[in-house]
Structure formats: C-alpha cells, structure tokens
1. Looking only at residues in segment 44-58 that are over 16 Å from Pro123 (Cβ atoms) and touching a strand residue (DSSP E or B) at 6+ places or on another chain (Cβ under 8 Å), which one is surrounded by the most Cβ atoms within 10 Å (Cβ to Cβ)?
2. Being more than 21 Å from Gly4 (Cβ to Cβ) and within 11 Å of the chain's Cα centre (by Cα) is the requirement here; does Ile128 meet it?
3. Determine whether segment 59-69 contains at least one residue that is buried (at least 18 other Cβ atoms within 10 Å of the Cβ), touching a strand residue (DSSP E or B) at 6+ places or on another chain (Cβ under 9 Å), without any contact (Cβ under 8 Å) to a residue 60 or more places away in the chain and within 16 Å of Glu103 (Cα to Cα).
4. With respect to the numbered conditions (1) over 14 Å from the mean Cα position of the chain (by Cα); (2) surrounded by fewer than 16 Cβ atoms within 10 Å (Cβ to Cβ), which one is the sole condition not fulfilled by Ile97?
5. For a quick check of your reading: which helices (runs of 4 or more DSSP H) sit entirely within segment 67-123 and have at least 2 residues that are aliphatic (A, V, I, L, M) and within 25 Å of Val133 (Cα to Cα)?
6. Please list, ordered by first then second residue, the pairs with beta carbon atoms under 8 Å, 6 or more apart or interchain, first in segment 30-57 and under 20 Å from Leu6 (Cβ atoms), second modelled with pLDDT under 95 and aliphatic (A, V, I, L, M).
7. Hey, Ser94 hits all of (1) without any contact (Cβ under 8 Å) to a residue 12 or more places away in the chain; (2) among the polar types (S, T, N, Q); (3) more than 25 Å from Gly4 (Cβ to Cβ); (4) touching a Phe, Trp or Tyr at 6+ places or on another chain (Cβ under 9 Å) but one; which does it fall short on?
8. How many residues are closer than 13 Å to Thr54 by Cβ and without any contact (Cβ under 8 Å) to a residue 12 or more places away in the chain if we restrict to segment 1-18?
Amino acid sequence: MKKGRLLNSELSYEISKIGHTSHITLCDAGLPIPKDIKRIDLAIEAGFPSFIKTLDAILSEMMVEEIVIASEIKTINQKIYNEILETFKKNGMSPKIVEISHENFKSMTKESEAIVRTGECTPYANIILKSGVVF
C-alpha cells in the first residue's frame, strides 16, 4: 500500500507524469470541465472532499512554482483565497500568483493535463497549479 498522504491512484499518477510548467486544475463542484481534458472526479457530496483539504494533499506530492486564480476570488471568496495562501505557506511553498478573469481562467483549463473536481460548493474555489522542479 502507498505510504504517502495522497492515496488516489489516478491523481497521484497524473502528478507523476507532469513536467516543468505543465499544469493541473483543481476546481469546485461547479466549474465547467472541457470534454477533451482528463477529469478526476473526487466529489462525493456537497463540501466533500473540500477544496483546501484536496489542495493540501496534492501539495504533499507536487512542487508548484506558479498558480493561476480568478481575480474574483479575492472579493467574492476571501476565505478560500486566504486558505490557499496559508496552505502553500504550510507546505513550504511560495509560488508566483497570477490573477486573471474567471472567463479567461475557464479557457486556460483547456490546457491542463487533468482537472480535479472536488465537492467544494463555494464560488471561485478553483486554481491552476503549474509544476515546478524539485532541484
């Protein structure tokens, strides 16, 4: 049995495949997912798993050098925005933060290696995680 925190084999596999600057999107339950992108659906019910707990587990296996968020999150979902920053800090990372409109965010997800859907049901709880390197 896998010893690390992240037990979802599909998600762990996708993280292991990505290279520098490739990215994975982590999203709430409502973000539209393009049909041609690998979808890893973790959502079980409203709020479970949460966006932040899932982000924390992903960061246990993935080095992130840049994140992309919808600028709307800072005013409409300040709580999740602050928790994102705290989760990166807790994991010893301080990625570059890029803010774009939610419409542009949705377009950018089409370039993701995979999109991970959580059970989060709060607005704009979405993030694009660009891979860094560990050396």
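1. Taking segment 44-58 as the starting set, the residues that turn out to be over 16 Å from Pro123 (Cβ atoms) are 44-45, 48-49, 53-58.
With touching a strand residue (DSSP E or B) at 6+ places or on another chain (Cβ under 8 Å) added as a condition, the list becomes 54-55, 58.
On the way: Thr54: 24, Leu55: 26, Ile58: 24.
Going through the qualifying residues, I end up with Leu55.
2. Considered against the rule, which asks whether it is more than 21 Å from Gly4 (Cβ to Cβ) and within 11 Å of the chain's Cα centre (by Cα), Ile128 comes out as yes.
3. yes
4. (1) is the only condition that Ile97 fails.
5. Of the helices (runs of 4 or more DSSP H) lying wholly inside segment 67-123, those with at least 2 residues that are aliphatic (A, V, I, L, M) and within 25 Å of Val133 (Cα to Cα) span 78-90.
6. Correct list of pairs: Ala57/Leu6.
7. So Ser94 meets the others, but not (3).
8. Qualifying residue count for the region: 1.
The values are calculated or read from the model by the stated rules, or taken from the named source; none is laboratory data. If you're wondering where the values come from, they're calculated on a predicted model, not measured in any experiment. Here Cβ is always computed from backbone atoms with ideal geometry, including for glycine, and neighbour counts include all displayed protein chains.
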